[in-house]
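Quick notes on the structure that follows.
The values are calculated or read from the model by the stated rules, or taken from the named source; none is laboratory data. Here the structure is a predicted model, which is why all the values come from computation and not from measurement. Every residue, glycine as well, gets a Cβ built from its backbone with ideal geometry; the counts of neighbours run over all protein chains shown.
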Amino acid sequence: MYPFATNVLFVSRENAGRSLLAEACLRHLGRGKFKAYSCGVPGLIANSPSHWSLLALQTAGMPSSDLHCKSWSEFTKSGAPRMDFVISLDAETLYDHPMWPGQPETALWSYPPLVTVNPGYAEFGLAAVHTLVSLRRRIELLISLHSKSRVHSDLRHDLRDLAHL
(Lines give C-alpha, C1' and ligand atoms only; values in the text may rest on other atoms or scores of the structure.)
Protein backbone atom coordinates (compact mmCIF):
# COMPACT_ATOMS: atom_id res chain seq x y z
CA MET A 1 0.00 0.00 0.00
CA TYR A 2 1.24 3.48 -0.82
CA PRO A 3 1.31 6.19 1.88
CA PHE A 4 0.38 8.92 -0.63
CA ALA A 5 -1.90 9.18 -3.63
CA THR A 6 -0.31 8.11 -6.91
CA ASN A 7 -0.08 10.90 -9.52
CA VAL A 8 -1.03 9.93 -13.08
CA LEU A 9 -0.78 12.23 -16.10
CA PHE A 10 -2.69 11.41 -19.31
CA VAL A 11 -1.32 13.04 -22.47
CA SER A 12 -2.94 13.57 -25.87
CA ARG A 13 -2.36 16.12 -28.62
CA GLU A 14 -5.11 18.66 -27.95
CA ASN A 15 -6.15 17.72 -24.40
CA ALA A 16 -9.80 18.08 -25.41
CA GLY A 17 -11.09 14.51 -25.59
CA ARG A 18 -9.19 11.34 -24.79
CA SER A 19 -6.96 12.68 -22.03
CA LEU A 20 -9.81 14.54 -20.35
CA LEU A 21 -11.94 11.38 -20.42
CA ALA A 22 -9.09 9.47 -18.77
CA GLU A 23 -8.48 12.19 -16.17
CA ALA A 24 -12.16 12.32 -15.18
CA CYS A 25 -12.48 8.54 -15.13
CA LEU A 26 -9.45 8.00 -12.87
CA ARG A 27 -10.54 10.82 -10.56
CA HIS A 28 -13.94 9.19 -10.25
CA LEU A 29 -12.78 5.59 -9.79
CA GLY A 30 -9.50 6.13 -7.96
CA ARG A 31 -10.61 8.56 -5.28
CA GLY A 32 -8.07 8.73 -2.47
CA LYS A 33 -5.61 6.41 -4.17
CA PHE A 34 -4.87 8.45 -7.29
CA LYS A 35 -4.60 12.05 -8.39
CA ALA A 36 -5.36 12.33 -12.09
CA TYR A 37 -4.16 15.03 -14.47
CA SER A 38 -4.18 15.56 -18.23
CA CYS A 39 -2.39 17.73 -20.75
CA GLY A 40 -1.61 18.24 -24.42
CA VAL A 41 1.05 19.53 -26.78
CA PRO A 42 1.81 23.27 -26.49
CA GLY A 43 0.44 25.12 -29.52
CA LEU A 44 -2.12 22.39 -30.23
CA ILE A 45 -4.27 22.74 -27.11
CA ALA A 46 -8.00 23.06 -27.75
CA ASN A 47 -9.88 26.09 -26.44
CA SER A 48 -12.37 23.94 -24.55
CA PRO A 49 -13.15 20.29 -23.82
CA SER A 50 -14.90 18.29 -26.53
CA HIS A 51 -18.69 18.51 -26.33
CA TRP A 52 -18.88 14.77 -26.95
CA SER A 53 -16.40 13.94 -24.19
CA LEU A 54 -18.35 16.01 -21.68
CA LEU A 55 -21.59 14.34 -22.76
CA ALA A 56 -20.05 10.86 -22.42
CA LEU A 57 -18.86 11.70 -18.89
CA GLN A 58 -22.25 13.10 -17.94
CA THR A 59 -23.98 9.97 -19.23
CA ALA A 60 -21.57 7.80 -17.19
CA GLY A 61 -22.23 9.85 -14.06
CA MET A 62 -18.67 11.14 -13.84
CA PRO A 63 -18.03 14.76 -12.79
CA SER A 64 -16.58 16.99 -15.50
CA SER A 65 -17.13 20.56 -14.31
CA ASP A 66 -13.50 21.11 -13.31
CA LEU A 67 -11.96 19.80 -16.56
CA HIS A 68 -10.05 22.23 -18.74
CA CYS A 69 -7.54 22.00 -21.59
CA LYS A 70 -3.92 22.58 -20.58
CA SER A 71 -0.39 22.31 -21.94
CA TRP A 72 2.21 19.87 -20.72
CA SER A 73 4.38 22.87 -19.82
CA GLU A 74 2.25 23.13 -16.65
CA PHE A 75 3.71 19.80 -15.55
CA THR A 76 7.37 20.52 -16.29
CA LYS A 77 7.76 23.78 -14.40
CA SER A 78 9.02 24.19 -10.86
CA GLY A 79 6.38 23.39 -8.27
CA ALA A 80 4.34 21.14 -10.56
CA PRO A 81 3.10 17.88 -9.07
CA ARG A 82 5.60 15.06 -9.56
CA MET A 83 4.09 12.28 -11.65
CA ASP A 84 4.42 8.58 -10.87
CA PHE A 85 2.96 7.50 -14.22
CA VAL A 86 2.59 9.27 -17.57
CA ILE A 87 0.23 7.57 -20.01
CA SER A 88 0.25 8.77 -23.62
CA LEU A 89 -2.99 8.22 -25.49
CA ASP A 90 -1.42 8.57 -28.95
CA ALA A 91 2.00 7.50 -30.21
CA GLU A 92 3.04 11.01 -31.17
CA THR A 93 2.99 12.21 -27.57
CA LEU A 94 4.83 9.13 -26.32
CA TYR A 95 7.89 9.88 -28.41
CA ASP A 96 7.74 13.67 -28.63
CA HIS A 97 7.37 15.03 -25.12
CA PRO A 98 9.41 16.95 -22.57
CA MET A 99 11.57 15.37 -19.89
CA TRP A 100 9.09 14.69 -17.12
CA PRO A 101 10.42 15.62 -13.67
CA GLY A 102 11.12 12.60 -11.49
CA GLN A 103 11.40 10.11 -14.36
CA PRO A 104 7.91 8.58 -14.06
CA GLU A 105 6.97 5.24 -15.56
CA THR A 106 5.52 5.74 -19.05
CA ALA A 107 3.13 3.78 -21.24
CA LEU A 108 1.17 4.10 -24.47
CA TRP A 109 -2.56 3.40 -24.49
CA SER A 110 -3.30 4.36 -28.07
CA TYR A 111 -6.71 5.70 -29.08
CA PRO A 112 -7.79 7.42 -32.29
CA PRO A 113 -8.50 11.14 -31.94
CA LEU A 114 -12.01 12.21 -31.06
CA VAL A 115 -13.18 14.62 -33.73
CA THR A 116 -14.71 17.75 -32.20
CA VAL A 117 -16.00 19.42 -35.36
CA ASN A 118 -19.56 18.94 -36.64
CA PRO A 119 -21.05 18.24 -33.18
CA GLY A 120 -24.33 17.16 -34.76
CA TYR A 121 -23.03 13.80 -35.93
CA ALA A 122 -23.92 10.88 -33.68
CA GLU A 123 -20.82 8.85 -34.62
CA PHE A 124 -18.59 11.34 -32.81
CA GLY A 125 -20.63 10.90 -29.63
CA LEU A 126 -20.47 7.15 -30.02
CA ALA A 127 -16.68 7.32 -30.44
CA ALA A 128 -16.40 9.26 -27.16
CA VAL A 129 -18.55 6.70 -25.35
CA HIS A 130 -16.52 3.77 -26.75
CA THR A 131 -13.28 5.48 -25.74
CA LEU A 132 -14.57 6.11 -22.22
CA VAL A 133 -15.71 2.49 -21.84
CA SER A 134 -12.29 1.22 -22.96
CA LEU A 135 -10.44 3.68 -20.71
CA ARG A 136 -12.63 2.71 -17.78
CA ARG A 137 -11.77 -0.98 -18.24
CA ARG A 138 -8.04 -0.21 -18.31
CA ILE A 139 -8.27 2.18 -15.36
CA GLU A 140 -10.22 -0.33 -13.25
CA LEU A 141 -7.46 -2.89 -13.89
CA LEU A 142 -4.77 -0.31 -13.10
CA ILE A 143 -6.45 0.44 -9.77
CA SER A 144 -6.69 -3.26 -8.95
CA LEU A 145 -3.05 -3.95 -9.86
CA HIS A 146 -1.94 -0.84 -7.96
CA SER A 147 -3.59 -2.10 -4.77
CA LYS A 148 -1.57 -5.34 -4.99
CA SER A 149 1.86 -3.85 -5.72
CA ARG A 150 4.34 -2.49 -3.20
CA VAL A 151 6.23 0.02 -5.33
CA HIS A 152 5.44 1.87 -8.56
CA SER A 153 8.14 0.07 -10.51
CA ASP A 154 6.26 -3.20 -9.89
CA LEU A 155 3.57 -1.84 -12.20
CA ARG A 156 5.87 -0.94 -15.10
CA HIS A 157 5.08 -3.96 -17.26
CA ASP A 158 1.45 -4.18 -16.17
CA LEU A 159 0.90 -0.54 -17.11
CA ARG A 160 2.23 -1.23 -20.60
CA ASP A 161 0.39 -4.54 -20.91
CA LEU A 162 -2.92 -2.77 -20.32
CA ALA A 163 -2.44 -1.22 -23.76
CA HIS A 164 -3.22 -4.59 -25.33
CA LEU A 165 -6.76 -4.87 -23.98
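For every residue, the table says whether it meets (1) among the basic types (K, R); (2) free of Cβ contacts under 8 Å to residues at least 60 places away in the same chain.
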residue	(1), (2)
G30	no, no
S48	no, yes
H51	no, no
K77	yes, yes
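Among the candidates L57, L21, single out the residue that is under 16 Å from I87 (Cα atoms) and in contact (Cβ under 8 Å) with a residue 60 or more places away in the chain. Write out each step before concluding.
Details: L57 fails: under 16 Å from I87 (Cα atoms).
Every option except L21 fails the conditions.
Considering the stretch 144-155 alone, what residues qualify as being at pLDDT 75 or above, surrounded by fewer than 17 Cβ atoms within 10 Å (Cβ to Cβ) and either among the polar types (S, T, N, Q) or in contact with a strand residue (DSSP E or B) (Cβ under 7 Å, 6 or more places away or on another chain) (or both)?
Answer for the stretch 144-155, where residues must be at pLDDT 75 or above, surrounded by fewer than 17 Cβ atoms within 10 Å (Cβ to Cβ) and either among the polar types (S, T, N, Q) or in contact with a strand residue (DSSP E or B) (Cβ under 7 Å, 6 or more places away or on another chain) (or both): S144, S147, S149.
Within the set of pairs 6+ apart or on separate chains, which have a first residue in the stretch 133-145 that is closer than 16 Å to E23 by Cβ, a second that is at pLDDT below 95 and in a helix (DSSP H, G or I), and C-beta atoms under 6 Å apart?
R138/L162
Yes or no: V129 aliphatic (A, V, I, L, M), in a helix (DSSP H, G or I), touching a residue at least 60 places away in the same chain (Cβ under 8 Å) and under 22 Å from G30 (Cβ atoms)? Working first, answer last.
Working: aliphatic (A, V, I, L, M): yes; in a helix (DSSP H, G or I): yes; touching a residue at least 60 places away in the same chain (Cβ under 8 Å): yes; under 22 Å from G30 (Cβ atoms): yes.
Yes, satisfied.
Would you check which residues across the stretch 98-141 are within 21 Å of G43 (Cβ to Cβ) and modelled with pLDDT under 85 and list them?
L114, V115, T116, V117
When E92 is evaluated against the numbered criteria (1) more than 14 Å from the chain's Cα centre (by Cα); (2) farther than 17 Å from E14 by Cβ, which criterion, by number, is the only one it fails?
Of everything listed in (1) more than 14 Å from the chain's Cα centre (by Cα); (2) farther than 17 Å from E14 by Cβ, E92 misses just condition (2).
Any idea how many residues of the stretch 1-10 are part of a loop (DSSP other than H, G, I, E, B) and of a type in the set (A, V, I, L, M)? Spell out the reasoning first.
Going residue by residue through the stretch 1-10, those that are part of a loop (DSSP other than H, G, I, E, B) are 1-5.
Next, from what is left, pick out any that are of a type in the set (A, V, I, L, M): 1, 5.
Qualifying residue count for the region: 2.
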